Structure formats: C-alpha cells, structure tokens
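Have a look at the structure below, then the notes.
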Amino acid sequence: MPITDETQRFTALSARLTGFDEEDLAATGLTDVYRAVASERLGPRRYGRLLREVPAWPDDVVDGELRQAAREVTYLWYTGSWPGSPPFVVSPRAYAEGLVWKAAGVRAPATDPGGYGSWAAAPDRSGPGSTAEGSGP
C-alpha cells in the first residue's frame, strides 16, 4: 500500500505516543491496519483532530477528548487491540507484534513455539541487557 500523507502523520503521531521510532513501528507491518482501526473507532472528527492537533501541542495542553483518543491509539500499538469491554482484538499478528513485548524484550507468549522439549533448556540471555560475558543482568 502506498505511503500517504495521512499514513506519515499517523506514524509520526504514533511514534510520539509510544516512544518507539517510526522505523520500529513500520517494522510491525501494521501501520496501515492500525490507521484504519483508529480512524474507524475514533470517527472522522476525533481522528482528524488527533492527527492535526496532538503532535503540535505540549502534553499538558491536550484536552480530555484528545487525551483519551491518544490513550486508545497507544493501547492499540502496545496490545494489538482496541480498548473497550470487551477489547476488540485486531488480529493474532497484532497481538504478536504488540509493543508491550518489544518493550519487555520478550516474544509474545504462544507465538513462537520452540518445539518439543524446548522448555527444558535454559533461555537464551544474549538479547538486550546482557553483559559482554553473555550472562544476563
């Protein structure tokens, strides 16, 4: 799908809200999906205001309606679902790509099976936060 001005604005807004850079968000492959979900769930008026106003305002100036919309978009990126009762789960892939797992430095549970007996081996601690000797924090 071609990158549009709206996609760029949504990605920039999402980077500000989540603390992840635009490349990390694009790497999930869900930017257009999340843009469509946010647009649908927020409605055209709130979605348009969110894209126009929030990136330009300091955090303490955003009104209650836009603050709530920003929370909902942030929740979407971190969990792969839209908040509510019950939450609307976008897709299994959205769950697996949730930023909550990336922030924790782990893979989403039940999304990357290691095969039979994989639970018997010590986990690989060579990822983020490991020391030069290869041991964990």
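Figures for the structure shown
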| item | result |
| --- | --- |
| Approximate spin-label separation E65-S85, in nm, with each point projected 7 Å along Cα-to-Cβ | 2.4 nm |
| Mean Cα-pair separation over length for segment 5-112, i.e. relative contact order, pairs under 8 Å, 6 or more apart, % | 20 percent |
| Förster radius 25 Å - calculated FRET efficiency between S126 and A103 (Cβ-Cβ, nearest 0.05) | 0.85 |
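Any read-out appearing in this document is the output of simple, stated calculations on the displayed coordinates, not a laboratory observation. Every value quoted in this text rests on a predicted model; they were computed, and no experiment measured them. As a convention, Cβ positions derive from the backbone with ideal geometry for all residues, glycine included, and neighbour counts pool all protein chains shown.
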